[in-house]
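Reviewing the structure listed below.
Every number in this text was worked out from the coordinates using simple rules, so none of it is lab data. Predicted, not measured: the structure shown is a model, and the values here were computed from it. Don't worry about glycine lacking a Cβ; one is built from the backbone with ideal geometry, like all the others, and counts go over all protein chains shown.
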Amino acid sequence: MHKSLKEAFYKELNLSKSLIKNKDLDKAFYHLERSHVLGQYYVVPHTLSHWYMLKVGFIKKDLKEVVGQLIRLPLGILGSFVGVVPTGNTGGSNVSALKKMEIPEELSKVMEETSG
């Protein structure tokens, strides 16, 4: 993972972790979705995004999110490992795990700058 992409990923992940501690779970999940988009091609970052989404699901007592993340964790690891992921997918159970999605412009710029 390129240094700039890694920094952007951990910025989003760490912000979400701080928001989880402060019980601002909706904002935390938003930043987890952003970290997911940035890290989904890499096994460890992809797994971390889903792990913290699962944690938020448990805290919120959101059964749909918990079940969705329990399914996505192994699929995400496998997808990252073999390099097959739905580009731009935000990773939450509110969208199909296979749906490609538009990448927000500021995240797309970071991803484009670090590719190739």
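A few remarks follow.
- Peptides 98-106, 66-74 ordered by packing proxy, namely the average of other Cβ atoms within 10 Å per residue, highest first: 66-74, 98-106.
- With Cα atoms defining each centre, the stretch 1-34 and the stretch 59-116 are spaced 14 Å apart in the structure.
- Relative contact order computed over the chain (Cα-Cα under 8 Å; 6+ residues apart), in percent: 25
- Relative to the Cα centre, the charge distribution of the stretch 13-116, modelled as +1 at Lys and Arg Cβ and -1 at Asp and Glu Cβ, gives a dipole magnitude of about 480 debye.
- For the chain, built as a Gaussian network whose Cα springs stay under 10 Å, the top-fluctuating residue of Lys11, Lys55, Lys21: Lys21
- Oblate is the label for the chain. Its Cα gyration tensor axes, ordered a ≥ b ≥ c, give a/c of at least 1.5 and b/c at or above a/b.
- Annotation: amide H-H contacts under 5 Å for His2 (H modelled 1.01 Å from N, sequence separation of 5 or more, or interchain): none.
- For the chain, the longest principal axis of the C-alpha atoms and the axis of helix 25-39 are separated by about 30°.
- Extreme residue, positive dipole direction of the chain, given options Gly83, Ala97, Ser108 (C-beta unit charges): Ala97
- Debye equation applied to the C-alpha atoms of the stretch 15-56, log10 I(q)/I(0) at 0.24 Å⁻¹: -0.69
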